[in-house]
Amino acid sequence: MANITVSPTRMELTRLKGKLRTAQRGHKLLKDKRDELMKQFLDTVREVRSLRAEVEEDFMKVHKSFTVASALMSSEALEQALLYPKQSVELTMTFQNIMSVNVPVYHFQTKTKSDSDIYPYGFAATSGELDTAVDALGKVFQKMLKLAEIEKSAQLMAEEIEKTRRRVNALEYVMIPDTQEAIRYITMKLDENDRATTTRLMKVKDMILKEAIEERQAQDAKAVKAFGKSGEDPAKV
């Protein structure tokens, strides 16, 4: 018997059948959601892996350019050139719904319209390697922002997949089997009650039939007895 207490009534049976249909529909929808989320998650993971490799490669280039620039310029001149940034960035965040998961979407707006307007120093007293390093750093910043966005999306989708998986398992291995077992139990009890009722009705019918036969036999015996005394036809008597 399932780990639930049920009353073996037809009303309860109807309620449980409706509950089972709802659970089965929910189970199918959750499985579809889980499968689609898994597909989206794997695509996102592949994108994270590819973009992370690009960011790491770009950081190596930035580091190399800054190393060369620091070798060609004095530390004081390099610090003075980068002391006051020219470009600033305003970051905003919106959300995109992916299979009921709200993933962040980052947007940034530079202070000036041109993204390349990032050099806070004059070109005469600085090295060309410093220009290359600053330009590469500005570009890798956008990739870092994109990487943060898709990594957060992957994390949120992974959490939603785990929650959906637990719900699917709870329906598949607990709720649906318990409800089916309860339905079988109630159906068995109702069938037993129907068989018992049928048996009682047959016994009552047999008793009524037996009484009718006995009554008829008694009437026939009286008729025969009356015929023996009067010589009249028993059918008329």
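Contour minus end-to-end for residue 21 and residue 57, with contour as 0.36 nm per residue of separation and end-to-end as the Cα-Cα distance? Result for the pair: 7.6 nm of gain on full extension.
Among residues other than residue 16 with Cβ under 12 Å from its Cβ, the summed charge is +3 (Lys and Arg +1, Asp and Glu -1). Show which aspartates and glutamates lie in cross-link reach of residue 225 when reach means a straight Cα distance below 15 angstrom and same-chain residues fewer than eight apart are skipped. Straight-distance partners of residue 225: 233.
Take the alpha-carbon positions of the range 3-58, form their convex hull, and give its projected area averaged over all directions (one quarter of the hull surface) in nm².
Details: hull surface 23.2 nm².
Dividing the Cα hull surface by four gives the mean projection, 5.8 nm².
Taking all protein chains together and rolling a 1.4 Å probe, residue 59 ends up with roughly 80 Å² accessible.
The values are calculated or read from the model by the stated rules, or taken from the named source; none is laboratory data. Predicted model only: the values in this text are computed from it and were never measured. A quick note on method: Cβ atoms are made from the backbone with ideal geometry, for glycine too, and the neighbour counts reach across all protein chains shown. All accessible areas refer to the heavy atoms of the entire protein, side chains included, with ligands and DNA or RNA removed. Shrake-Rupley method; radii C 1.70, N 1.55, O 1.52, S 1.80 Å.
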